[in-house]
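Working notes, structure below.
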Amino acid sequence: MGDLFQVGSLSSPSRLIVGTGGFRSIEILDASLVASEATIATVALRRVDPGVKGSIYDLLRRRNFSLLPNTAGCYSASEAVKLAELAREAFETNAVKLEVIGDDITLLPDTTETLVAAEQLVRKGFEVWAYTSDDLIVAQRLEQCGCVAVMPLGSPIGSGLGIRNPHAIALIAERITVPVLLDAGVGTASDAALAMELGCDGVLAASAINRALEPVLMAEALRDAVRAGYLAFRAGRIPPRLHAEASSPFLGRPDLFVE
């Protein structure tokens with residue numbers, strides 16, 4: 001796409017970030033990673049033991065992926081901070097995807113605890129990618145406290161409902177100066193393309209790939225959708241109109257010429 005995607009110390013030629021949990025086999029995960037052409041992947045310390053040979057960690061290292069540990073499964077700021085510190089020691093990276101869940105049914109983020117955790121982690125030298133709601137004010141507070149990326153949800157985690165409030169996502173993308181990545185809710189390629197068309201800098205996809213009937217094909221589709229949406233945003237869409245407007249003018253048509 002002609003430019004390098006940079007978030008904190010992590011960079012990638014792709015604006016698609018992939019999740020690594022939930023795949024039916026390590027072989028399908030491997031093939032999906034290759035098909036996605038992504039180079040940054042999230043990993044959950046609760047699910048991955050870096051010391052185990054043949055683990056997801058081994059696979060990502062062999063494929064030269066940059067690791068983005070996440071605090072999935074945390075319900076308080078203190079729990080998330082402790083897990084982030086363990087992840088930094090285990091994976092030798094300051095980058096962390098901060099997740100603090102407020103409800104175990106909807107898996108919606110607890111924005112109050114997320115802000116508390118983000119402030120503490122930034123003070124401890126972490127590069128915080130913050131999963132949050134689609135609330136502009138919360139996104140601004142996360143940016144102000146030093147997060148390197150803000151990651152609003154399109155809809156609840158794993159729902160595949162797409163972007164339920166495009167206006168909110170567009171507002172965040174317009175007003176936030178650090179990278180904005182759509183996180184959660186992606187179900188298919190058109191959702192990823194829309195996120196990029198709304199102005200997001202990137203998309204994180206996990207369930208959309210690992211729960212697809214053909215994960216490798218979906219990884220390819222999302223790869224291309226992120227590229228297409230990014231190019232469309234840069235190109236600038238035509239303004240919507242309530243009436244038709246011919247692409248070719250009437251002026252100069254020989255059949256309408258009158259002496």
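The values are calculated or read from the model by the stated rules, or taken from the named source; none is laboratory data. All of these numbers come straight from a predicted model, not from anything done at the bench. Cβ coordinates were reconstructed from backbone atoms using ideal geometry, including for glycine residues, and neighbour counts include every protein chain displayed.
Looking at 83, 67, can you tell me which residue is without any contact (Cβ under 8 Å) to a residue 40 or more places away in the chain, in contact with a helix residue (DSSP H, G or I) (Cβ under 6 Å, 6 or more places away or on another chain) and surrounded by 16 or more Cβ atoms within 10 Å (Cβ to Cβ)? Before you say what the answer is, go through the steps one by one.
On the way: 83 fails: in contact with a helix residue (DSSP H, G or I) (Cβ under 6 Å, 6 or more places away or on another chain).
Of 83, 67, the one residue that is without any contact (Cβ under 8 Å) to a residue 40 or more places away in the chain, in contact with a helix residue (DSSP H, G or I) (Cβ under 6 Å, 6 or more places away or on another chain) and surrounded by 16 or more Cβ atoms within 10 Å (Cβ to Cβ) is 67.
Out of 36, 32, 78, one residue alone is surrounded by fewer than 21 Cβ atoms within 10 Å (Cβ to Cβ) and either in contact with a Ser or Thr (Cβ under 9 Å, 6 or more places away or on another chain) or not hydrophobic (A, V, I, L, M, F, W, C) (or both). It is 78. Please go through segment 29-61 and give me each residue that is farther than 19 Å from residue 182 by Cα, at pLDDT below 95 and of a type outside the set (D, E, K, R), ordered by number. Those that are farther than 19 Å from residue 182 by Cα, at pLDDT below 95 and of a type outside the set (D, E, K, R): 45, 48, 50, 51, 52, 54, 55, 56, 57, 59, 60. For segment 101-111, the set of residues classified as in contact (Cβ under 8 Å) with a residue 12 or more places away in the chain, of a type in the set (Val, Ile, Thr) and not in a helix (DSSP H, G or I) consists of 101, 106, listed by residue number. Could you please let me know if residue 97 is crowded, with 24+ Cβ neighbours inside 10 Å and either of a type outside the set (Val, Ile, Thr) or out of contact with any helix residue (DSSP H, G or I) (no Cβ under 7 Å at 6 or more places or on another chain) (or both)? Criteria met by residue 97.
Being surrounded by 14 or more Cβ atoms within 10 Å (Cβ to Cβ) and either in contact with a His (Cβ under 9 Å, 6 or more places away or on another chain) or outside any loop (DSSP other than H, G, I, E, B) (or both) is the filter here; which residues of segment 1-25 pass it?
Matches in segment 1-25: 5, 7, 10, 12, 16, 17, 18, 19.
Condition first: under 23 Å from residue 195 (Cα atoms), small (Gly, Ala, Ser) and without any contact (Cβ under 8 Å) to a residue 40 or more places away in the chain. Can you find one or more residues in segment 113-128 that meet it? No, every residue in segment 113-128 fails to be under 23 Å from residue 195 (Cα atoms), small (Gly, Ala, Ser) and without any contact (Cβ under 8 Å) to a residue 40 or more places away in the chain.
Would you mind stating whether residue 121 is surrounded by fewer than 24 Cβ atoms within 10 Å (Cβ to Cβ) and either within 22 Å of residue 83 (Cα to Cα) or in contact with a Lys or Arg (Cβ under 7 Å, 6 or more places away or on another chain) (or both)? Considered against the rule, which asks whether it is surrounded by fewer than 24 Cβ atoms within 10 Å (Cβ to Cβ) and either within 22 Å of residue 83 (Cα to Cα) or in contact with a Lys or Arg (Cβ under 7 Å, 6 or more places away or on another chain) (or both), residue 121 comes out as no.
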